Amino acid sequence: MILEGFKFGMLLQIAIGPVCMYIFSLGVNEKFFMAFLGVLGVVLADGIYILLAILGISSFLKNEKIQKKFNILGSIIIIIFGMELFLGYFGISILPKLNIFQNSNSNLPFIKAFLLTGANPMTILFWMGVFSTKTSDSSFTKNSICLFALGSLLSTLLFLSLIAFIGSTTSNFLPERYLSILSAIVGISLIYFGIKKGMTIKKSSL
């Protein structure tokens with residue numbers, strides 16, 4: 001069942017989104033270990049959403065008003081992260097440095113990636129649909145569902161770790177100037193994702 005969940009999760013990774021692009025930018029701008037912390041942040045956020053979906057707590061997000069507010073918040077967070085990467089090209093930072101551990105900001109990629117992943121409440125609705133289908137299948141026990149969820153999370157861990165590795169490898173042979181340009185491009189892409197998401201919300205409310 002873990003393998004089934006893993007294969008299902010890998011299919012989802014094909015759709016490259018803002019989180020994947022952010023992990024790649026971490027790999028480019030930071031050491032692999034720092035980017036891997038970001039990957040762990042993504043996995044934790046996904047794990048929480050999957051747990052909520054399995055427990056059925058996610059049903060409150062079906063409320064249209066609540067869903068709209070979460071989507072607006074998600075769009076804003078994605079745009080802010082995009083602006084942070086883009087403005088970084090000019091040496092400008094709009095996000096504060098979070099030093100939760102004394103004299104260290106090594107937890108920052110973890111927190112940023114966690115927030116960026118959690119900014120998309122549609123994730124929990126997606127997983128709710130997946131696991132509601134699985135629970136309706138008589139062949140799926142509670143143990144099977146947990147193993148399926150574990151497999152899905154492992155696919156995220158493996159795929160994004162690979163993306164982080166590719167990013168960090170790229171940084172080894174590209175000049176610093178090109179790396180800055182690459183980060184700026186990723187930032188612009190995130191801003192685009194956020195605006196596009198916001199426009200979708202606006203259209204749906206008309």
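The values are calculated or read from the model by the stated rules, or taken from the named source; none is laboratory data. Note that the structure is a prediction, hence the values are computed from the model and not measured. Backbone-built Cβ (ideal geometry, glycine too); neighbour counts: all protein chains shown. When the accessible area is computed, the model is the full protein with side chains, heavy atoms only, and any ligands, DNA or RNA have been set aside. Shrake-Rupley method; radii C 1.70, N 1.55, O 1.52, S 1.80 Å.
Stretching residue 166 away from residue 143 to a fully extended chain increases their span by 4.8 nm, per 0.36 nm per residue minus the current alpha-carbon distance.
With all protein chains in place and ligands, DNA and RNA left out, the 1.4 Å accessible area ranks 185, 23 as 185, 23, largest first.
In order along region 145-156, phi translates into HN-Hα couplings of 5, 5, 5, 4, 4, 4, x, 5, 5, 5, 5, 5 Hz, rounded to whole numbers, per the Karplus curve 6.51 cos²θ - 1.76 cosθ + 1.60 with θ = phi - 60° and x for Gly and Pro.
With the simple model of a label 7 Å out from the Cα in the direction of the Cβ, residue 33 to residue 188 spans 3.4 nm.
Among 156, 141, the sequence by solvent-accessible area, most first, with a 1.4 Å probe is 141, 156.
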